[in-house]
Structures are given as C-alpha cells and as structure tokens.
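The values are calculated or read from the model by the stated rules, or taken from the named source; none is laboratory data. Bear in mind that the values here come from a model prediction, so they are computed numbers and not experimental data. Reconstructed Cβ throughout: ideal geometry from the backbone, glycine too, with neighbour counts over all protein chains shown.
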Amino acid sequence: MKHIKVKDLLNSAKPLDDVLVKGWVRTFRNNQFLAINDGSTINNIQCVVDFENTSPEMLKRLTTSAAVAIHGNLVESQGAGQKYEVQVTKLEILGDSDAETYPIQLRNKPSLEFLRENAHLRVRTNVFGAIMRVRSVLSFAIHQYFQEKGFVYVNTPIITGSDAEGAGEMFRVTALPATGAPLNEEGKVDYKQDFFGKETNLTVSGQLEAETYAMSLGQVYTFGPTFRAENSNTSRHLAEFWMIEPEVAFNDLDANMDLAEDFIQYVIKYAMDRCQDDLAFLNQRLADEEKQKPTAERSEMGLLEKLQFVLDNNFKRVSYTEAIDILKNSKPNKNKKFNYIIEEWGADLQSEHERFLVEKHFKCPVILFDYPAKIKAFYMRLNEDNQTVRAMDILFPGIGEIVGGSQREERLDVLQQKIADLGIDEKELWWYLDTRRFGTAVHSGFGLGFERLVLFVTGMTNIRDVIPFPRTPQNAEF
Ligand code: ATP
Ligand code: MG
Ligand code: MG
Ligand code: MG
C-alpha cells in the first residue's frame, strides 16, 4: 500500500487500488463523506466511509482537524464536482481533535482578526493554506529569476553596526549575560564592554553590504529577514519582514527600473503558472468579498485580471516633479480631501498620494523617479541639478510603495560631503567608502518588500495575513 498525496490522487490518470492517504479531516457529512486535506493542494479528497460497518465511536472521532490514515481504493466519483473519491476499506485515527475545544470551526467562517490570534492554527484553513503555498512558490521564483541571470546570492549580516536608512527604526542587540548588560558610570548600557564591543542592531537593509559585494561579483542579491521598529500599526508594515535586494555594478537608474519591472513580472507569471488552484480560490474569495461592498466601491478587476494586467502593461514611469504637479492640480488636493495637502515641491508623498496616482490617475503600476535629495537616504546619486537624486519607488494598486531603489552615489568626494552634511561620522562607514576609493563605478539596486508582493499576488489587504507569524508593536505572541 502506497502513501499518496491528495494532489496526486486528484490528478491521477486512472483509478487506483490500495491507496493510503494521510491527512486531516476538514469536514465529515452524513456519517459518510469525509473531506481530507494534506496540504499538497487546496482541494480535499472525498473519502466515502462504510458507516454501516464502522463503529459509532469511530465515526464520532472524525472531527475537524483529526489526523487520519485512510486505506482504500481510488474510484471514479458518482457525485458532481470531483473526478475521484476514495472508497474507504480501513480507517485509522492518528490524532484526535476535540470538537468542543478546537478553536477554528470551519463552518462558522472565522474572521481574519480571530485567525491572527491563532496564527499557529490558521494555516489549517483554505485561505491560509493557499497564501502560504503561493508565498513559498514566489520565494522560489525569486531565486530562480536571479540565478538564471547569473546573480550571486549573498547573505548579508543580520546583526550590523550600521543604519543604512538613517531612519532610526532599529532594534538594538545586546548579549544580555546572566549578570545583565554591562553598565557605565552613568548607569547606561556600556556597549564597549558588551559582546561586540560596540552598539549593534538588527539589519534594516542589506544594501550597503550588498554594494560591497556587487563591486566585485558584478550582480548580487540578498533575500533575508529585515527588522524595523515601526512605531505605528498599519496594514503595510511589519517589524520583521523579508526583503529582496539586488545590486548591480555598471547599471544606471534606467537599467535599475528595467530590472525591477522585468523581475516583478517574472515572479508574478511564475506564481500564476504554478499556483492555479490556489489563485483561483483566492480570486473567488476576493470576488465574494467585493460583492459585500456597495457597487460604487467595488474593484473593477478581479484578482486574476489584476495580475494579468501587470504582466501585459508597462509600468508608467513618471518623475517626482511631474507627480507633484498632478497632485497639486488634483481635486482631492484642492478640496482638502487628502489628509495631507501637497503645496509645494519637496514634500514627501504619503501613501494616500501614492495610491491616488496609481489607482485613480494612471490606473496602472507607476515608477516614480528623481526625488528631492533631502527626502531620500544619503547614498543616492545626486543629479546634475544638485536638487534631486536618482531614486525610484514602484507603486502598486492597493499597496502603494512596493519597491524603493536608486542609482548609488559612486563619487567619493560627493558621498563624503553628504555624510558630513548629515552629521554622520565618516569613520562608521570607512568600509563602505572603500568601495568608492578602490575601483568605484556606476551601480544601482533596489529593495522589494516580499510581504507586499505576496499581498498583491494573493489579493489580501493586511500584511499580517501573508507572513506565518507576524511581528507588530505589542505582538510577538508566538
Ligand atoms: P514605507 O514608505 O512603506 O515605510 P520605506 O520607504 O520605509 O517604506 P524602504 O526603506 O524603501 O521602505 O524599503 C524597501 C521596501 O521594503 C519598501 O518599498 C517596502 O516594500 C518594504 N518595506 C519597508 N518597510 C517595511 C515594513 N516595515 N514592513 C514590510 N515591508 C516593508
Ligand atoms: Mg518606512
Ligand atoms: Mg517610502
Ligand atoms: Mg522607500
């Protein structure tokens, strides 16, 4: 008897004798029809129990989420909706699941909020099963894309001595020995006496380290956990998220935009080809949700249509200056409908502006470029106007910013000046500046927030629902 995955049973070319299925009960109807899922696909296999010859005690134990082993024959199904079913010859309960206390009862449609409080169990629902399989395929697609193009995968450090973004959203690392952290005379933590002999943080971006590698290996990427002490609760920010950061020597900003667009289209196509059942399910889920909304608020496109749209259309490239003009002249700005009114050039865009540009004005993904230097990080290449930098953000419908990238400042003197102007101690970045001292060259890269990509592809709206165990303020339960 062979243990066969549900997915392979459902895709079998012919009926099969003597199969063994192991999985968990999703539902049990009429003391006869058992729906079993083993995680290999969103679909369940229907197993028909011979209830006349099965003890009533056994039938009672077939509760939602009980682990079972089923022996039987795969036969063509008489019922509508499925090709095959398993005629059960032997039933084993591997692990009971108490119906009275099991928190996730599938029939009552638990809310996403409730499921978040049960992050360890929510993956047992169809929606989270689908999301997590799509997430897995997307992460494979990311490696596939870069590996095919000859990029080298570099693991940049998680514990770092630098703050790449200069935004001060870092988590401090200490070794915390049994005696507590060493204190100085003022009673503050003395990092010189601590494990690393200096202040260290969890990484907010692997970019600076990746740049040093790009300046020898040519094309590199990182894909790893990233930490930011975001002090607000939004549906787009996590304290721990995953970021994909390619860095390419000899690429300017235009080449960087081309790379980002091609990359995003590739991974979305990859998921659409390989996750058809899961995406069909998520598409239907979103359609059902839309139906609850008043007609005027409903999205014009379904999930699959939105994904296809991104594949079929170039991203609209617009300079920051053009975007500000559009926003200044837009109705929500003039009528003070935006919470934050754009009055002049130089202002940072809020996500309401980004979403307006993407969803209302251009109605397609947008790449904004050439931002004012003063609202962007120190390492970006200054343009000849001395006002703007070669930065780009990619904005997606329903999400806002999904990518932040730039051509890097490759000129040592300009970079040193910038660092000095910001009051950063050059000694902190001596190793970074070495890339400009020894064989500097034009180079560029970007950071894509993996969970924001998963949000877009799955049609979910809260970032907490696309990562297995979300970390947000006041929330690290699991
Ligand atoms: P935002 O404006 O949304 O706060 P950012 O400009 O601070 O993002 P970058 O430093 O440009 O972010 O990081 C690159 C990418 O990483 C972003 O475009 C986004 O996709 C993702 N990202 C940034 N912060 C977070 C976060 N806290 N949680 C999840 N993804 C994030
Ligand atoms: Mg931010
Ligand atoms: Mg931003
Ligand atoms: Mg950004």
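Some values worked out for this structure:
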{"item": "Pair list, Cβ under 8 Å, 6 or more apart: the stretch 132-161 residue under 30 Å from LEU279 (Cβ atoms), other residue assigned to a helix (DSSP H, G or I) and among the basic types (Lys, Arg)", "result": "VAL137/ARG274"}
{"item": "Test: residue in the stretch 270-289 that is within 16 Å of ligand 1 (Cβ to nearest atom), in contact (Cβ under 8 Å) with a residue 12 or more places away in the chain and either in contact with a Ser or Thr (Cβ under 7 Å, 6 or more places away or on another chain) or assigned to a helix (DSSP H, G or I) (or both)", "result": "no"}
{"item": "Single residue of PHE315, PHE223, PHE263 found to be within 16 Å of ligand 1 (Cβ to nearest atom), closer than 30 Å to HIS443 by Cβ, surrounded by 15 or more Cβ atoms within 10 Å (Cβ to Cβ) and over 19 Å from the mean Cα position of the chain (by Cα)", "result": "PHE315"}
{"item": "Filter result (at pLDDT below 95 and either of a type in the set (Phe, Trp, Tyr) or touching a Lys or Arg at 6+ places or on another chain (Cβ under 9 Å) (or both)) within the stretch 260-299", "result": "GLU290, LYS291, ARG298, SER299"}
{"item": "Odd one out for LEU368, checked against (1) within 16 Å of ligand 2 (Cβ to nearest atom); (2) in a strand (DSSP E or B); (3) over 30 Å from ILE131 (Cα atoms); (4) of a type outside the set (Ser, Thr, Tyr)", "result": "(3)"}
{"item": "Selected residue [touching a Pro at 6+ places or on another chain (Cβ under 9 Å), more than 22 Å from THR41 (Cβ to Cβ) and polar (S, T, N, Q)] from GLN147, GLN193", "result": "GLN193"}
{"item": "Sole residue being modelled with pLDDT of 85 or more and polar (S, T, N, Q), chosen from GLN219, GLN193", "result": "GLN219"}
{"item": "Qualifying residue in the stretch 67-80 (condition: surrounded by 20 or more Cβ atoms within 10 Å (Cβ to Cβ), of a type in the set (Gly, Ala, Ser) and out of contact with any helix residue (DSSP H, G or I) (no Cβ under 8 Å at 6 or more places or on another chain))", "result": "yes"}
{"item": "Some residue of the stretch 327-348 being under 24 Å from TRP242 (Cα atoms), within 14 Å of ligand 4 (Cβ to nearest atom) and not in a helix (DSSP H, G or I)", "result": "no"}
{"item": "Residue list for the stretch 405-422, filter: of a type in the set (Gly, Ala, Ser) and touching a Lys or Arg at 6+ places or on another chain (Cβ under 9 Å)", "result": "SER406"}
{"item": "Options SER351, SER444, SER406; residue that is in contact (Cβ under 8 Å) with a residue 60 or more places away in the chain, in the same structural domain as ALA214 (by TED's automatic domain parsing), surrounded by fewer than 17 Cβ atoms within 10 Å (Cβ to Cβ) and within 16 Å of ligand 4 (Cβ to nearest atom)", "result": "SER351"}
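One line per residue, one yes/no per condition, for (1) in contact (Cβ under 8 Å) with a residue 60 or more places away in the chain; (2) within 38 Å of the chain's Cα centre (by Cα):
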{"position": "MET1", "(1), (2)": "yes, no"}
{"position": "LEU9", "(1), (2)": "yes, yes"}
{"position": "ALA13", "(1), (2)": "no, yes"}
{"position": "ALA35", "(1), (2)": "no, yes"}
{"position": "SER55", "(1), (2)": "no, no"}
{"position": "HIS71", "(1), (2)": "yes, no"}
{"position": "ALA80", "(1), (2)": "no, yes"}
{"position": "PRO103", "(1), (2)": "no, yes"}
{"position": "ASN108", "(1), (2)": "no, yes"}
